[in-house]
Amino acid sequence: MHLLAYGTAAVGLAAAVLASSAGAQSPVVGDARRGEQLYQSRCGACHSLDANRVGPRHRGVVGRRVASVSGYRYSAALQARAFVWDEPRLDQWLENPTALVPGTAMGMRVPKAQDRADIIAYLRDQRLASP
Amino acid sequence: MNDAHHGLRMRRHLLRGGAATLTVAGITALLGSRGAALAQKRNANAAQDVGLLNAAIALEHEGIAAYTIAAGSGLLQPAVVKIGVTFRGHHQRHRDELVRAVTALGGRPAAARSDAEYATALNAGALKNQTDVLRLALRLERGAANAYLGLIPSLSTAEQHQLAARMAGDEAFHAAILGNAVGDPIPADGLMFGA
């Protein structure tokens, strides 16, 4: 019984340590208002919400299938992928796009996690109008 | 020396010779595969750089078109048109340098779209006065400075890093002039681009 109790305590302690370390890496909470300014200054040279420019239009990007905007010519590297732009994927993309999708034409990196979270929070709010 | 001893020496000799032969062959194969891997990596880097630099060419095409559209809009004072045409010349120089870099890597440079397509994409129809035009130009130039700085870590050679940094410098210069023209305050903090 004693051994079992010690074993249980050890497992509980290990779980607490793991939970604590996972908590240290929990996602950064984004600020959409700051994200709008960052979007203009970091992304605005190539992207708009509603027009395809150097890059594809961004309205509705969160939850959209990769390489699926009509009228935009994607790189072969992106066309070959099949994922959905969820928030963790966008975070990876903004941190280092050529690491996520080698061969992409997008090379702009956003190194700070808070900046990425803010930009993603802004994009999450830019939904497509209901039909 | 008896036959058994001689036979043993012969076997050792053959084994050593064989081992030496295998070692040379192994090294040759190793070097060959390493060389092939390096060549493959170089090619992959070059292909990646072509894609990234072509996106920069597309950015410069749009910038050139934006200044052309602005100059012909009738919304700008002559002195402002003159500055805009000078800035357009800087972007044409950027485009030419990027085209040279892409061609040197064996790629095909991105082609420009029509000015009408750029006007639509930039929503130029919504511009009503000189301040609107200057604000749009400022937004594009500030974004371009950040785009080039953000691109640097993704490019594979020091030559390309320097090229992108030089372009970023020009875009920051344009942004400073335009910011002054529209009356934006001087930023209080340093490191105002690329973070």
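The values are calculated or read from the model by the stated rules, or taken from the named source; none is laboratory data. These numbers were taken from a predicted model, which means no experiment stands behind them. All Cβ positions, glycine included, derive from the backbone under ideal geometry; neighbour counts span all protein chains shown. For the accessible areas, the whole protein counts, side chains as well, though only heavy atoms, and no ligand, DNA or RNA atoms are used. Shrake-Rupley method; radii C 1.70, N 1.55, O 1.52, S 1.80 Å.
In the range A:108-124, the residues that give up 10 Å² or more of accessible area when the other protein chains are added, compared with the chain on its own (1.4 Å probe), are A:MET108, A:ARG109, A:PRO111, A:LYS112. For the range B:34-71, a reduction of at least 10 Å² in accessible area between the chain on its own and the assembled protein chains (probe 1.4 Å) is found at B:GLN48, B:GLY51, B:LEU52, B:ALA55, B:ALA58, B:LEU59, B:GLU62. Descending by average beta-carbon neighbour count within 10 Å, the peptides A:99-105, B:177-183 line up as A:99-105, B:177-183, the highest first. Measure nothing but the geometry: give the 0 to 90° angle between the long axis through the Cα atoms of B:3-71 and the longest principal axis through the Cα atoms of chain B, rounded to 10°. Orientation of helix B:3-71: about 10 degrees from the principal axis. Listed values for the range A:49-55 are Karplus-derived 3J(HN,Hα) couplings in whole Hz (6.51 cos²θ - 1.76 cosθ + 1.60, θ = phi - 60°), namely 5, 10, 9, 6, 10, 4, x, and x replaces Gly and Pro. The alpha-carbon of B:LYS82 sits under 22 angstrom from the alpha-carbons of these lysines, leaving out residues fewer than 8 places away in its chain: B:LYS128. Less than 5 angstrom separates the built amide H of A:ALA45 from none of the residues sequence-distant by 5 or more or on a different chain. Ligands, DNA and RNA aside, A:GLU87 has an accessible area near 70 Å² when probed at 1.4 Å. Normalised by the number of residues in chain B, the average gap of Cα pairs under 8 Å and 6 or more apart makes the relative contact order 20 percent. Spacing of the modelled spin labels on B:SER33 and A:TYR72, each 7 Å from Cα toward Cβ, amounts to 4.1 nm. Ordered from largest to smallest accessible area (heavy atoms of protein chains, 1.4 Å probe), the residues A:MET108, B:MET192 come out as B:MET192, A:MET108.
Calculated on the Cα set of the range B:80-180, radius of gyration then Dmax: 14.8, 44 Å. Mind checking the angle between helix B:158-181 and chain B's longest principal axis? C-alpha axes, 0 to 90 degrees, to the nearest 10. For helix B:158-181, the angle is close to 10 degrees. For chain B, the alpha-carbon radius of gyration amounts to 1.78 times the rule-of-thumb value 2.2 N^0.38 Å expected for a compact globular protein.
Note on B:ARG108 and A:VAL29: their simple-model spin labels are 5.1 nm apart, each label 7 Å out from Cα toward Cβ. Shape analysis of the range B:133-176 based on the Cα gyration tensor places the equivalent ellipsoid semi-axes at 22, 9, 5 Å, largest first. Entry for the range A:51-120 at q = 0.18, 0.19 Å⁻¹: log10 I(q)/I(0) = -0.67, -0.76, Debye formula applied to identical alpha-carbon scatterers, no solvent contribution. Helix B:130-151 sits at what angle to the longest principal axis of chain B, using alpha carbons and giving 0 to 90 degrees rounded to 10? Between helix and principal axis, roughly 10 degrees. Summing charges over all other residues whose Cβ lies under 13 Å from the Cβ of B:HIS90, with Lys and Arg as +1 and Asp and Glu as -1, gives -2.
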